[in-house]
Amino acid sequence: MDCVTKEEIKKFAQQIGVDLVGFASPDCLKEYDNFLKERENLGYSCSIEERDIQKRISPEFILPEVKSIIAIALSYNVEYEIKYYSRSFGIVSRSSWGIDYHKVLKEKMEKLSEFIKSKCEGVKTVCLVDNNPLLEREIAYHAGIGWFGKNGLIINDEYGSYIFLGEILINKYFEPDAPQKTKCGDCDLCIKACPTNAIVEPYIINAHKCLSYITVKKGKIEEKMSKKMGRRIYGCDTCQHVCPFNKRAKKVVRSEFVPDKLLPRHDLIEILNMSKKEFAEIFGPTSSSWRGKSIIIRNAIIACVNTKEKSCIEPLKNLLKSQSPLLRGYSAWALSHLCDKEILSEIENALLKEKDEMAKKMMIEVLNKLKGDKIENNER
Ligand code: SF4
Ligand code: SF4
């Protein structure tokens, strides 16, 4: 008799609050070799993706004795009504509401591993959530967690696509579950709704155009993309928001993913003024903090410009003296959009003190633009 069955594992997982469990073969990723090469050649992969294709498709690099992968999913489609927001707000993606999901999933997977180990001798496991090179969505697909939507996400009939995925690599064999066929049919709502046309064809996403990636990307963002960010300060939910399977998805009561200090519509001025300590308090417990304070503030600055929010002007002037060159450059850029010519002298003064090449370049660009506009205005 088997030391533990799939049904026993599923039952225990349910008891500890895991919504979905499935089983996949460790070889299920081998077929994605060409897909990844093609994606790389087309320039659709982004800088946060692992470049070594073999690492992406080989779970045995992480656990050499791996015989199965247990895929789990946890819904973050919590009952929560967005009641409060100020006039100047930035939007935080649902995946960053509440406590960092990496922590929540890891705890549950560790409990599940301990359960299996208590039943079977010599079992080895490795628990993974997101921060590993393996193709997580493809594992979830092969484990029958859900099917691929045209937006490239895994959709479950009951929970939709607002699900976090995790994997347990294990040196014990379990019969793999069956993958499910897509149910998108003729629908193309996500493709039409995507603000940047990042869904280049059904199921194929160009990460360089996707705002989920762009909002966490380091450095300067191309101006045409920053305009598309709108109020987004972390992530993008648009292609999930329009999906009919999410409209009818089951809501869950899960206090971990209910927003706490970081609000789904967070005040931009508060973000622009944030100290290191305040960043740690507001963003620190959530999954949006991993890229650091400057990236979030940069996105908030962009949101101020996109919403023409004049109340951001004073905090932006303070940011001209920020310790971060990125923020000094971005605040000059934003002020040039939100102020009249009177801001010229403040940016010129900031430029005189500026030592960083990128910040200098941004300031010179905005000064040229402002001066150019001035000539035009004088001519009229
Ligand atoms: S997350 Fe946003 S930008 Fe990315 S594909 Fe979906 S709608 Fe487009
Ligand atoms: S919006 Fe429509 S096409 Fe896009 S993933 Fe959902 S069902 Fe599929």
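The values are calculated or read from the model by the stated rules, or taken from the named source; none is laboratory data. Not measured: the values here are computed from a predicted model. Positions of Cβ are generated from backbone atoms using ideal geometry, with glycine treated the same way; all protein chains shown enter the neighbour counts.
Here are some notes:
- Selection from segment 224-254 of residues that are touching a strand residue (DSSP E or B) at 6+ places or on another chain (Cβ under 8 Å) and of a type in the set (Gly, Ala, Ser): Gly230, Gly235, Ala249
- Number of the condition not met by Pro179 [criteria: (1) part of a loop (DSSP other than H, G, I, E, B); (2) buried (at least 23 other Cβ atoms within 10 Å of the Cβ); (3) not basic (Lys, Arg)]: (2)
- Test: residue in segment 254-274 that is in a loop (DSSP other than H, G, I, E, B) and hydroxyl-bearing (Ser, Thr, Tyr): no
- Those residues of segment 132-163 which are outside any loop (DSSP other than H, G, I, E, B), within 13 Å of ligand 2 (Cβ to nearest atom) and either surrounded by 21 or more Cβ atoms within 10 Å (Cβ to Cβ) or within 19 Å of the chain's Cα centre (by Cα) (or both), in sequence order: Arg137, Phe148, Ile154, Ile155, Asn156, Gly160
- Within segment 233-263, the set of residues being within 16 Å of ligand 1 (Cβ to nearest atom) and either within 19 Å of the chain's Cα centre (by Cα) or among the hydroxyl-bearing types (Ser, Thr, Tyr) (or both) comprises Ile233, Tyr234, Gly235, Cys236, Asp237, Thr238, Cys239, Gln240, His241, Val242, Cys243, Asn246.
- Unmet criterion (only one of (1) closer than 29 Å to Ser255 by Cβ; (2) within 16 Å of ligand 1 (Cβ to nearest atom); (3) surrounded by fewer than 15 Cβ atoms within 10 Å (Cβ to Cβ)) for Glu107: (2)
- Pair list, Cβ < 6 Å and 6+ apart or interchain, from segment 188-215 residues that are more than 19 Å from Phe245 (Cα to Cα) to residues that are near ligand 2 (Cβ under 10 Å from one of its atoms) and part of a loop (DSSP other than H, G, I, E, B): Ile205/Gly152
- Residue in segment 63-73 that is free of Cβ contacts under 8 Å to residues at least 40 places away in the same chain, exposed (fewer than 14 other Cβ atoms within 10 Å of the Cβ) and not in a loop (DSSP other than H, G, I, E, B) present: no
- Every pair of residues 6+ apart whose Cβ atoms lie under 7 Å, when the first sits in segment 109-125 and is within 14 Å of Lys67 (Cα to Cα) and in contact (Cβ under 8 Å) with a residue 24 or more places away in the chain while the second is surrounded by 15 or more Cβ atoms within 10 Å (Cβ to Cβ) and among the charged types (D, E, K, R): Val123/Lys117; Val123/Lys172
- Each residue in segment 130-156 was checked for being more than 12 Å from Pro59 (Cα to Cα) and at pLDDT below 95, and 2 of them qualify.
- You will find that of Lys218, Lys250, the residue that is modelled with pLDDT under 95 and in a loop (DSSP other than H, G, I, E, B) is Lys218 and no other.
- Failed item, numbered, when Phe12 is tested on (1) within 22 Å of Lys172 (Cα to Cα); (2) modelled with pLDDT under 95; (3) of a type outside the set (D, E, K, R): (2)
- Checking the stated criteria, Thr196 turns out not to satisfy the condition of being more than 14 Å from ligand 1 (Cβ to nearest atom), assigned to a loop (DSSP other than H, G, I, E, B) and surrounded by fewer than 19 Cβ atoms within 10 Å (Cβ to Cβ).
- Only one of the listed residues (Tyr213, Tyr203) is within 11 Å of ligand 1 (Cβ to nearest atom) and among the hydroxyl-bearing types (Ser, Thr, Tyr). That residue is Tyr213.
- From Cys239, Cys304, residue being in contact with a helix residue (DSSP H, G or I) (Cβ under 6 Å, 6 or more places away or on another chain), more than 26 Å from Leu335 (Cβ to Cβ) and crowded, with 21+ Cβ neighbours inside 10 Å: Cys239
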